[in-house]
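What follows is one structure encoded as structure tokens, with my remarks underneath.
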Amino acid sequence: MTNTELPIVAITMGDPAGNGPEITVKALADASLYERCRPIVVGDAKMIEQAKAFVNHPEIRVNPVTRVADAMFEAGTIDVFHMDLIEDVASFKLGEVSVEGGNAAFQSVKRTIELAMAGEVDATVTNALNKEAMNLALEPQGMHFDGHTEIYATYTNTKSYTMMLAHHDFRVVHVSTHCSLREACDRVKTPRVLEVIKLGWQACRDLGIESPKIAVAGLNPHAGEHGLFGDEEINEIIPAIELAQAEGIDAVGPCPPDSVFSEMNGGWYDMVVCMYHDQGHIPTKTLGFVYDREAGGWKAVEGVNITLGLPIIRTSVDHGTGFALAGKGTSNELSLVNAIDYALRMARGRG
């Protein structure tokens, strides 16, 4: 495959007060990435230029463009769809919540979505944004978003969507995410559980898995123990599984949440449908986030966040903005590299 045939991947810089620009430079400093895709960063070229010094890559050239068509897509050069979002880089404070940083993060995401919807890029990858900073910036406009997922759903006019987390072949999808645990229990309804099973099954197909096997976790301890610890499994989850099976989906469950993730890690399933945020996030991040006690630092911070149900491809790092690490050049770029590779797998699956 020639360079001009490789997928174009748009990467947001994230909140510029965080470590997004740094891990972006680290990831794109690897020349082998340009053998897999044509990456372009969306944000502010001045912040990427500053990040070069933090991560000790002075040899890399930053190429600001205002059209994707003008990007060079060459190893050793980072193309940036420049939006001039930070007024004065020298006075912009790293590691702090700010309206300017929140607005920059939001505007780069919005433009990235627009580029994908217009067909100018083949996939999108997002660095982390700070929800507080973003909503401080949006408040005067009467706007509010819980995070990337809701931004993408709004600007792609998507009604049926969900969050998927992945650590290599360990995958989870969620019936609910950013809401209270009390509300999450109330959201476990047959139509939504069925919707998420189907979204997860299609995602596995997009990843090249011919016959996905989907495990559906229970909501209650021991998946309710036949009604002893709750009846959501009987009244809501089992009917959704049966409807999915009737459509030809290999779905099993409800499975006890305390064992189903170990089973998937052992290769029993291709994905687990989780009933709420932490049920899926905790096992995924336990696998992907590895702290080295002796070295006193993170050995790995891996994991990918994918929004399912969109008309465009969106993957993301599975960690926060890293405000405490900003400017130090020590942040790990593996999650971003994995997010790019997951986006490429999904792009191939969609043909």
For the range 269-279, check the following and say yes or no: at least one residue is touching a residue at least 24 places away in the same chain (Cβ under 8 Å), under 30 Å from Ala90 (Cβ atoms) and in contact with a helix residue (DSSP H, G or I) (Cβ under 7 Å, 6 or more places away or on another chain). no
Where Ala53 falls short, out of the listed (1) among the aliphatic types (A, V, I, L, M); (2) surrounded by 18 or more Cβ atoms within 10 Å (Cβ to Cβ); (3) not in a loop (DSSP other than H, G, I, E, B): (2)
Just one of (1) touching a strand residue (DSSP E or B) at 6+ places or on another chain (Cβ under 7 Å); (2) surrounded by fewer than 15 Cβ atoms within 10 Å (Cβ to Cβ) trips up Thr124, so point out which. (2)
Looking only at the range 2-45, filter to residues that are of a type in the set (Asp, Glu) and in contact with a helix residue (DSSP H, G or I) (Cβ under 8 Å, 6 or more places away or on another chain); which one of those is nearest to Val65 (Cα to Cα)? Asp44
If a residue counts only when it is farther than 19 Å from Glu195 by Cβ, which helices (runs of 4 or more DSSP H) contained entirely in the range 221-314 have at least 1 such residues? 257-265, 277-288
Near pairs, Cβ below 7 angstrom, 6+ apart or cross-chain, from the range 296-319 (not assigned by TED's automatic domain parsing to the domain that holds Glu22) to any residue that is of a type in the set (Lys, Arg) and not in a strand (DSSP E or B): Gly303/Lys285
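Yes/no per residue for (1) under 20 Å from Asp258 (Cα atoms); (2) part of a strand (DSSP E or B); (3) in the same structural domain as Met275 (by TED's automatic domain parsing); (4) β-branched (Val, Ile, Thr):
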| residue | (1), (2), (3), (4) |
| --- | --- |
| His178 | no, no, yes, no |
| Val188 | yes, no, yes, yes |
| Pro191 | no, no, yes, no |
| Lys198 | no, no, yes, no |
| Ala203 | no, no, yes, no |
| Val216 | yes, yes, yes, yes |
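The values are calculated or read from the model by the stated rules, or taken from the named source; none is laboratory data. Not measured: the values here are computed from a predicted model. Glycine gets a Cβ as well: all are built from the backbone with ideal geometry, and neighbour counts include every protein chain shown.
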